[in-house]
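First up is the structure itself, then whatever we jot down about it.
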Ligand SMILES: [Fe+2]
């Protein structure tokens, strides 16, 4: 059974107020009477109503003024106006000011009750609709958020979602630090960061504030603060703090249950993202040690991967690539030759001329790199960049014979960085070239082996007024 609807009657005529009281009281409504709009506004500031029955013509401030004031409320009750002056102008004006229905005095009791019932039903359906919108947001969150595997973008999305959904004055995400028992401030809205906000919360503070609960609200001077835990399996991963203005009513029961639902999902997503990040870091460490073991086999190529990463990032920056793309270049700079691990020392370290068969085996190394990296979750484009770093711009490279922009840009950049690093390093089969000689060689092969725009970017940087330092002088490499 539905709860007893609350109705506020505003009418200056005492007889009519009594009539309303008698009629509506019999129909399971809870009725409150007010004899003026001022009195009604005072009652509304303290209590919530489902419906207001408003007389339009009253001495002093009339019904239109009341309707106008009500528009400033965040969730105003539905208003049905009653009037002895049944003009179209009055009806239109009242509806424009937000009235839901209009009845003309004198009215039949049946007619009044029908109007009230109809309005309450429409209001209930509208509320359900807005609940459905909230449910939709929750569903959108689960699909959007659960697909995010990195902590930073996940927090970004969560902050935006909670900000739009609950419209607080400010929202803060404190995330557990792996080193200490504190929760560190990682994300906030609005930006820039509001002044005088603590940068961390200690575990004790959180325990004290929440007293074992997952959500806690407290009143502070001029605002309400809500703390909520982001719970992982068996431990708290973070705390979300909402600051609401004091005038905002506390969260409704529905809002609270939505918030709890959201936070449970968010906790799971955050835990996944943290695990994923830890896994990725562990994976990168493993890869680094694999690269080290590759380089340890060959004194001449020690530090080569690091150099390639360094030059590739310089080129990327010169070509104004995004930070994300620079990160990818740095990674594949390290990884691109990993497949050489699968090539025998006798071939890889051979000082004399390679036979065609041996050369064919060496040419397999980009494919081997891709095969080693394939089971791991890499950024989009990383695997291809490793696979195609020996393709030539004119289509005469390997392993696939791709040409021009069939070759991913990242691979074209790695190719230039790789060649420059190789030419300026000490190799058993070739002498070290000077910086000028190496740049001249890149220019000679501009448009044939290498992408002209990549060569141009690198050359303009190296021949510019402030060329970047050469990270490792060849002597240092051979002396390692
Ligand atoms: Fe290579």
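Evaluate the stretch 372-379: report whether one residue or more is modelled with pLDDT of 85 or more, assigned to a loop (DSSP other than H, G, I, E, B), surrounded by fewer than 19 Cβ atoms within 10 Å (Cβ to Cβ) and out of contact with any helix residue (DSSP H, G or I) (no Cβ under 8 Å at 6 or more places or on another chain).
Taking every residue of the stretch 372-379 in turn, none turns out to be modelled with pLDDT of 85 or more, assigned to a loop (DSSP other than H, G, I, E, B), surrounded by fewer than 19 Cβ atoms within 10 Å (Cβ to Cβ) and out of contact with any helix residue (DSSP H, G or I) (no Cβ under 8 Å at 6 or more places or on another chain).
Select from the stretch 414-428 the residues that are buried (at least 24 other Cβ atoms within 10 Å of the Cβ) and under 14 Å from residue 392 (Cβ atoms) and write down the one among them that is farthest from the ligand (Cβ to nearest atom).
Across the stretch 414-428, the extreme among qualifying residues is 416.
For the stretch 449-471, what are the residues that are at pLDDT below 95 and more than 39 Å from the chain's Cα centre (by Cα)?
If the condition is that a residue be at pLDDT below 95 and more than 39 Å from the chain's Cα centre (by Cα), then 463, 464, 465 are the ones that fit.
When you look at residue 459, is it more than 17 Å from residue 389 (Cβ to Cβ) and not in a helix (DSSP H, G or I), yes or no?
It is false that residue 459 is more than 17 Å from residue 389 (Cβ to Cβ) and not in a helix (DSSP H, G or I).
Go through the stretch 29-63 and report how many residues are surrounded by fewer than 16 Cβ atoms within 10 Å (Cβ to Cβ) and touching a residue at least 40 places away in the same chain (Cβ under 8 Å).
3
Just need a number here: residues in the stretch 51-77 that are within 25 Å of residue 92 (Cβ to Cβ), under 46 Å from the mean Cα position of the chain (by Cα) and in a loop (DSSP other than H, G, I, E, B).
6
Any residue at all in the stretch 392-409 that's away from the ligand (no atom under 16 Å from the Cβ), surrounded by 17 or more Cβ atoms within 10 Å (Cβ to Cβ) and not in a loop (DSSP other than H, G, I, E, B)?
Checking the stretch 392-409: at least one residue is away from the ligand (no atom under 16 Å from the Cβ), surrounded by 17 or more Cβ atoms within 10 Å (Cβ to Cβ) and not in a loop (DSSP other than H, G, I, E, B).
For the stretch 226-244, which positions are surrounded by fewer than 17 Cβ atoms within 10 Å (Cβ to Cβ) and either at pLDDT 85 or above or in contact with a helix residue (DSSP H, G or I) (Cβ under 8 Å, 6 or more places away or on another chain) (or both)?
233
Take residue 310 and decide whether it is closer than 21 Å to residue 287 by Cβ, touching a residue at least 12 places away in the same chain (Cβ under 8 Å) and more than 12 Å from the ligand (Cβ to nearest atom).
Yes; evaluated as a whole, the condition is true for this residue.
Check whether at least one residue in the stretch 359-378 is free of Cβ contacts under 8 Å to residues at least 24 places away in the same chain, within 25 Å of residue 461 (Cβ to Cβ) and either away from the ligand (no atom under 12 Å from the Cβ) or more than 34 Å from the chain's Cα centre (by Cα) (or both), and report yes or no.
no
Where in the stretch 172-250 are there strands (runs of 3 or more DSSP E), lying fully within it, with 2 or more residues that are more than 30 Å from residue 72 (Cα to Cα)?
183-189, 223-231, 236-245
With the condition kept exactly as written, say whether any residue in the stretch 289-297 is surrounded by fewer than 19 Cβ atoms within 10 Å (Cβ to Cβ), more than 13 Å from the ligand (Cβ to nearest atom), touching a residue at least 24 places away in the same chain (Cβ under 8 Å) and within 34 Å of the chain's Cα centre (by Cα).
Yes, there is a match, as at least one residue in the stretch 289-297 is surrounded by fewer than 19 Cβ atoms within 10 Å (Cβ to Cβ), more than 13 Å from the ligand (Cβ to nearest atom), touching a residue at least 24 places away in the same chain (Cβ under 8 Å) and within 34 Å of the chain's Cα centre (by Cα).
Which of the residues spanning the stretch 317-348 are more than 15 Å from the ligand (Cβ to nearest atom) and either in a loop (DSSP other than H, G, I, E, B) or more than 26 Å from the chain's Cα centre (by Cα) (or both)?
Selection gives 318, 319, 320, 321, 322, 344, 345, 346.
What do you reckon, is residue 353 at pLDDT below 85, more than 16 Å from the ligand (Cβ to nearest atom), closer than 16 Å to residue 293 by Cα and loosely packed, with under 15 Cβ neighbours inside 10 Å?
No; evaluated as a whole, the condition is false for this residue.
Does residue 381 satisfy being within 39 Å of the chain's Cα centre (by Cα) and more than 13 Å from the ligand (Cβ to nearest atom)?
Yes: the conditions hold for residue 381.
Can you list residue pairs whose Cβ atoms sit under 7 Å apart, with the first residue in the stretch 321-349 being in the same structural domain as residue 362 (by TED's automatic domain parsing) and the second being part of a loop (DSSP other than H, G, I, E, B) and within 12 Å of the ligand (Cβ to nearest atom)? Count only pairs 6 or more apart in sequence or on different chains.
Pairs that qualify, where the first residue is in the same structural domain as residue 362 (by TED's automatic domain parsing) and the partner is part of a loop (DSSP other than H, G, I, E, B) and within 12 Å of the ligand (Cβ to nearest atom), are 336/389.
The values are calculated or read from the model by the stated rules, or taken from the named source; none is laboratory data. Just so it is clear, the model here is predicted, and its values are computed rather than measured. All Cβ positions, even for glycine, are placed from backbone atoms using ideal geometry, and neighbour counts span all protein chains on display.
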